[in-house]
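Have a look at the structure below, then the notes.
Every read-out reported here was derived from the displayed coordinates using simple, explicitly stated rules and does not represent laboratory data. The structure presented is a predicted model; accordingly, all values stated were derived computationally and were not measured. Positions of Cβ are generated from backbone atoms using ideal geometry, with glycine treated the same way; all protein chains shown enter the neighbour counts.
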Amino acid sequence: MNKNQAKSIEDAFADNSNKADIMRTHSKLVELHKKQITRKQQLYVKKKTAYINIGSILESITDGFVAVDRRCSCIYVNSEAAKLMQKTPEDLLGKEIWAVFPDSKGTEFERECKRSLAERVAVNFEEFFPYYNIWLEVRASPFEQGLAIYFRDITQRKKDEQERLELLQRERAARDEAESANRIKDEFLAVLSHELRSPLNPILGWAKMLRTGQYDRIATDRALETIERNAKLQAQLMEDLLDVSRILRGKLVLNINPVNLISTIEAAIETVQLAAQAKSIQIHTILAPHVGLISGDANRLQQVFWNLLSNAIKFAPNGGRVEVRLERVEVGNEGSSVSGSYAQISITDTGKGINPEFLPHVFEYFRQENSSTTRQFGGLGLGLAIVRYLTEMHGGLVTAHSQGEGQGATFTVKLPIVREDSRDRLVDFEDFYALNSTPHPSLLGLRILIVDDEADIRELVAFILEEAGAEVCSAKSATDALTIVEKSVPDLLVCDIGMPDIDGYMLMSQIRALPPEKGGQMLAVALTAYAGEYNQKQALDAGFQMHLSKPIDPDTLVKELSRICSSLRDAIY
């Protein structure tokens with residue numbers, strides 16, 4: 001091989017070596033390009049997948065989501081947000097949110113969203129949107145291009161919270177009412193104990209002092225007057241309690257007849273006259289003579305006026321004045337609860353008056369302006385409540401008026417007058433008055449058996465009836481009474497109910513089982529401290545002809561027994 005051939009071979013080898021390098025380099029470049037393309041594709045796919053995943057996530061969440069740019073124009077809205085805002089995405093995308101929802105301008109929603117963008121802070125708040133009538137909980141977080149806003153409907157939660165709040169308020173009000181009722185009950189029981197015990201002190205005290213016999217006629221009369229007044233006061237307190245019980249149970253019944261208000265008012269004034277004289281109080285009357293008749297219960301109406309007069313005298317100062325006015329008025333003003341012709345009775349005193357804050361509660365049961373131990377005036381707080389109920393039972397209306405403390409008070413009762421065209425259906429008043437004014441026959445010549453396990457009661461009733469002319473025998477038990485009846489049948493039986501072993505009901509049952517000639521049909525009156533309507537019904541059902549409650553005025557006792565025995569007296573004489 002010559003030198004030229006060798007050189008050619010070397011040159012050719014060198015060329016081939018360069019070509020191989022170039023090929024290798026090209027291959028590497030191609031491989032690298034492929035890897036770059038693959039990496040870009042992968043990044044593209046990842047980015048595309050990420051966008052898809054984010055969109056899927058935003059669509060799948062239960063919250064509404066809106067993304068806005070720095071100018072508050074919508075750049076993204078999910079379907080839940082569009083649903084809550086009652087818009088389509090096309091209605092929102094690319095538009096400023098305040099232009100789409102002008103009602104949101106000036107609201108907390110606008111203020112908080114703009115604050116979040118300006119201060120680059122996240123915000124969280126709740127707001128009511130009247131246009132949609134919903135509550136939304138809103139969370140807004142800033143990002144580089146704008147603001148991401150999440151919101152959810154919390155209307156039901158707010159309703160539940162409001163219901164819980166109202167329930168809590170009702171429970172609190174009920175608890176306060178119960179506590180108030182318990183407080184009023186405790187105060188009432190304390191007042192009741194005081195009012196029932198207080199009259200006992202002068203009764204027992206004067207009774208013990210009189211036993212010494214060291215007092216002249218004037219002092220004795222004063223002591224007896226005090227005992228009588230306090231006994232009547234205690235009896236009235238118990239009668240008020242029974243009346244309230246009847247009222248609350250709907251058992252109070254009226255005995256309806258024509259009523260002359262003048263005589264009824266005068267009878268009530270006579271009842272309180274002693275109390276007025278004790279305080280040197282003048283009772284001035286202005287009674288129109290031709291007001292007309294009232295259809296009602298004379299005794300219950302007298303109770304109304306007695307309560308109002310007692311109230312006026314109690315609160316009037318010594319030397320004060322009480323005015324009683326009766327007149328006829330025509331009521332028919334617009335908005336009035338009564339209309340037509342009414343008898344108006346006004347009782348005005350110069351007493352302490354009524355606090356304006358207490359005035360709306362003056363006719364409520366068990367309510368007193370002052371029930372503390374420092375109160376100046378006594379009572380149970382029942383009288384005026386009974387007045388209102390009895391007045392309304394008669395179709396009337398009672399009101400109270402006072403200028404304030406220290407300026408007296410006026411209580412006004414309006415009662416409907418019987419119309420002229422309906423008077424012919426009523427008994428003529430003069431005949432009615434004459435019929436009920438006829439003196440009752442005395443008990444002279446009647447044989448009366450008294451049955452009571454309390455010796456003091458037996459002795460008192462026996463003394464009263466003997467003073468009225470009756471022949472009296474007594475028994476301390478039902479067994480003793482049956483023995484007496486077996487020997488000689490009395491004309492009348494006056495019997496207690498609550499007795500040991502055999503009570504009055506059982507005794508009456510045994511007597512009614514006897515043959516007529518043995519006393520099975522004798523007249524019988526229950527005289528008992530069981531004074532309720534139910535007890536009265538029980539007594540009449542057991543066979544008693546009359547039920548009288550203790551304590552009873554001696555004159556009333558004689559009057560009632562005389563009335564029931566009037567037919568028997570005719571037979572005797």
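Which FRET efficiency value, to the nearest 0.05, do you get for residue 255 and residue 62 by plugging their Cβ-Cβ distance into 1/(1 + (r/R0)^6) with R0 = 51 Å? Write out the running numbers ahead of the final one.
Values: r = 74 Å, r/R0 = 1.46.
According to the calculation, E is roughly 0.10.
What does the charge count around residue 124 come to, taking other residues whose C-beta lies under 13 Å from its C-beta (Lys +1, Arg +1, Asp -1, Glu -1)?
-3
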From the Cα gyration tensor of the range 511-561, with a ≥ b ≥ c the square roots of its eigenvalues, which class applies: rounded if a/c is under 1.5, or else prolate if a/b is larger than b/c, or else oblate? oblate
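To the nearest 0.05, what FRET efficiency results for residue 282 and residue 221 with a Förster distance of 22 Å applied to their C-beta separation? Mind dumping the intermediate values first?
Numbers: r = 23 Å, r/R0 = 1.07.
With a Förster radius of 22 Å, E is 0.40.
Let's test the formula: R0 of 41 Å, r as the Cβ-Cβ distance of residue 108 and residue 393. What FRET efficiency results, to the nearest 0.05? Walk me through the intermediate numbers first.
On the way: r = 59 Å, r/R0 = 1.44.
In this case the efficiency is close to 0.10.
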Pseudo-spin-label distance residue 183 to residue 143, built 7 Å along Cα→Cβ, given in nm, is 6.0 nm
On a full-extension model of 0.36 nm per residue, what is the gain between residue 405 and residue 176, subtracting their alpha-carbon distance, rounded to one decimal in nm? 79.6 nm
Roughly how many nanometres apart are two label points built 7 Å out from the Cα toward the Cβ at residue 241 and residue 168? 4.3 nm
Cα gyration tensor shape for the range 212-271, rounded if a/c is under 1.5, else prolate or oblate: oblate
Which trypsin sites (Lys or Arg not before Pro) in the range 215-316 pass both tests, a DSSP loop state and at most 11 other beta-carbon atoms within 10 Å? 249
What ranking do 74, 473, 495 get, fewest neighbouring Cβ atoms within 10 angstrom at the top? 473, 74, 495
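Does the range 61-153 come out rounded, prolate or oblate, given a ≥ b ≥ c as the square roots of the eigenvalues of its C-alpha gyration tensor, rounded meaning a/c under 1.5 and, failing that, prolate meaning a/b above b/c?
Working: a/c = 1.35, a/b = 1.13, b/c = 1.19.
Cα axes put the range 61-153 in the rounded bin.
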Residue order, fewest to most beta carbons within 10 Å, for 566, 104: 566, 104
Given points 7 Å out from each Cα along the Cα-Cβ axis, report the residue 517 to residue 444 separation in nanometres with one decimal. 3.2 nm
